[in-house]
1. Restricting the search to region 48-72, which residues are modelled with pLDDT under 95, exposed (fewer than 10 other Cβ atoms within 10 Å of the Cβ) and hydrophobic (A, V, I, L, M, F, W, C)?
2. Exactly one of (1) surrounded by 10 or more Cβ atoms within 10 Å (Cβ to Cβ); (2) at pLDDT 95 or above is unmet by GLY45. Its number?
3. In this structure, does GLY36 turn out to be assigned to a loop (DSSP other than H, G, I, E, B) and of a type outside the set (Phe, Trp, Tyr)?
4. Under 8 Å between Cβ atoms, at least 6 apart or on separate chains: pull out the pairs that start in region 44-59 with a residue that is without any contact (Cβ under 8 Å) to a residue 24 or more places away in the chain and end on any residue that is exposed (fewer than 12 other Cβ atoms within 10 Å of the Cβ).
5. Looking for something assigned to a helix (DSSP H, G or I), β-branched (Val, Ile, Thr) and either in contact with a Phe, Trp or Tyr (Cβ under 8 Å, 6 or more places away or on another chain) or modelled with pLDDT of 90 or more (or both) - is there at least one such residue anywhere in region 10-27?
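The values are calculated or read from the model by the stated rules, or taken from the named source; none is laboratory data. As the structure is a prediction and not an experimental result, all values here were calculated from the model. Cβ placement follows ideal geometry from the backbone for every residue including glycine, while neighbour counts extend to all protein chains displayed.
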Amino acid sequence: MERLAQYWDDLDDLVYMFGSCAERIRRVTLALLALGVFLASVSGGVAIALIDPQLALAIATILLIFLLYQSVTSAISAPGTT
(Lines give C-alpha, C1' and ligand atoms only; values in the text may rest on other atoms or scores of the structure.)
Protein backbone atom coordinates (compact mmCIF):
# COMPACT_ATOMS: atom_id res chain seq x y z
CA MET A 1 0.00 0.00 0.00
CA GLU A 2 2.90 2.33 0.74
CA ARG A 3 4.22 1.85 -2.80
CA LEU A 4 0.88 2.91 -4.27
CA ALA A 5 0.86 6.05 -2.13
CA GLN A 6 4.42 6.82 -3.29
CA TYR A 7 3.39 6.41 -6.95
CA TRP A 8 0.43 8.74 -6.43
CA ASP A 9 2.71 11.27 -4.77
CA ASP A 10 5.14 11.10 -7.69
CA LEU A 11 2.27 11.49 -10.16
CA ASP A 12 1.00 14.49 -8.20
CA ASP A 13 4.48 16.07 -8.28
CA LEU A 14 4.66 15.49 -12.03
CA VAL A 15 1.29 17.14 -12.64
CA TYR A 16 2.23 20.21 -10.58
CA MET A 17 5.59 20.44 -12.37
CA PHE A 18 3.81 20.62 -15.72
CA GLY A 19 1.37 23.13 -14.25
CA SER A 20 4.16 25.41 -13.08
CA CYS A 21 5.88 25.20 -16.47
CA ALA A 22 2.60 26.06 -18.20
CA GLU A 23 2.15 29.03 -15.85
CA ARG A 24 5.61 30.36 -16.72
CA ILE A 25 4.90 29.96 -20.43
CA ARG A 26 1.55 31.73 -20.01
CA ARG A 27 3.16 34.61 -18.10
CA VAL A 28 5.88 35.08 -20.73
CA THR A 29 3.34 34.89 -23.56
CA LEU A 30 1.14 37.54 -21.94
CA ALA A 31 4.16 39.79 -21.35
CA LEU A 32 5.19 39.47 -25.00
CA LEU A 33 1.63 40.18 -26.11
CA ALA A 34 1.49 43.29 -23.91
CA LEU A 35 4.84 44.44 -25.30
CA GLY A 36 3.58 43.95 -28.86
CA VAL A 37 0.41 45.94 -28.18
CA PHE A 38 2.46 48.70 -26.55
CA LEU A 39 4.90 48.91 -29.46
CA ALA A 40 2.07 48.89 -32.00
CA SER A 41 0.26 51.71 -30.20
CA VAL A 42 3.42 53.79 -29.91
CA SER A 43 4.36 53.32 -33.56
CA GLY A 44 0.75 54.02 -34.59
CA GLY A 45 0.75 57.22 -32.54
CA VAL A 46 4.01 58.36 -34.10
CA ALA A 47 2.71 57.55 -37.59
CA ILE A 48 -0.51 59.49 -36.98
CA ALA A 49 1.48 62.43 -35.57
CA LEU A 50 3.70 62.49 -38.66
CA ILE A 51 0.82 62.17 -41.12
CA ASP A 52 -1.79 64.43 -39.47
CA PRO A 53 -0.72 66.32 -36.33
CA GLN A 54 -4.20 67.76 -35.75
CA LEU A 55 -5.74 64.30 -35.69
CA ALA A 56 -3.05 63.14 -33.24
CA LEU A 57 -3.80 66.11 -30.99
CA ALA A 58 -7.54 65.38 -31.13
CA ILE A 59 -6.98 61.72 -30.22
CA ALA A 60 -4.66 62.66 -27.36
CA THR A 61 -7.22 65.17 -26.06
CA ILE A 62 -10.04 62.60 -26.17
CA LEU A 63 -7.86 60.06 -24.35
CA LEU A 64 -6.95 62.63 -21.69
CA ILE A 65 -10.61 63.55 -21.14
CA PHE A 66 -11.53 59.87 -20.88
CA LEU A 67 -8.76 59.30 -18.33
CA LEU A 68 -9.83 62.29 -16.26
CA TYR A 69 -13.47 61.18 -16.40
CA GLN A 70 -12.53 57.68 -15.22
CA SER A 71 -10.49 59.05 -12.32
CA VAL A 72 -13.35 61.29 -11.20
CA THR A 73 -16.15 58.73 -11.50
CA SER A 74 -14.36 55.63 -10.20
CA ALA A 75 -15.19 54.41 -6.72
CA ILE A 76 -12.73 55.30 -4.00
CA SER A 77 -11.73 52.31 -1.90
CA ALA A 78 -10.95 52.64 1.78
CA PRO A 79 -7.31 52.29 2.83
CA GLY A 80 -6.33 48.70 3.45
CA THR A 81 -8.93 47.22 1.09
CA THR A 82 -8.55 46.08 -2.47
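1. Once the filter is applied, which keeps residues that are modelled with pLDDT under 95, exposed (fewer than 10 other Cβ atoms within 10 Å of the Cβ) and hydrophobic (A, V, I, L, M, F, W, C), region 48-72 yields only VAL72.
2. Just one mismatch for GLY45, condition (2).
3. no
4. Close Cβ pairs (under 8 Å, with a partner that is exposed (fewer than 12 other Cβ atoms within 10 Å of the Cβ)) amount to ILE48/LEU55.
5. There is at least one residue in region 10-27 that is assigned to a helix (DSSP H, G or I), β-branched (Val, Ile, Thr) and either in contact with a Phe, Trp or Tyr (Cβ under 8 Å, 6 or more places away or on another chain) or modelled with pLDDT of 90 or more (or both).
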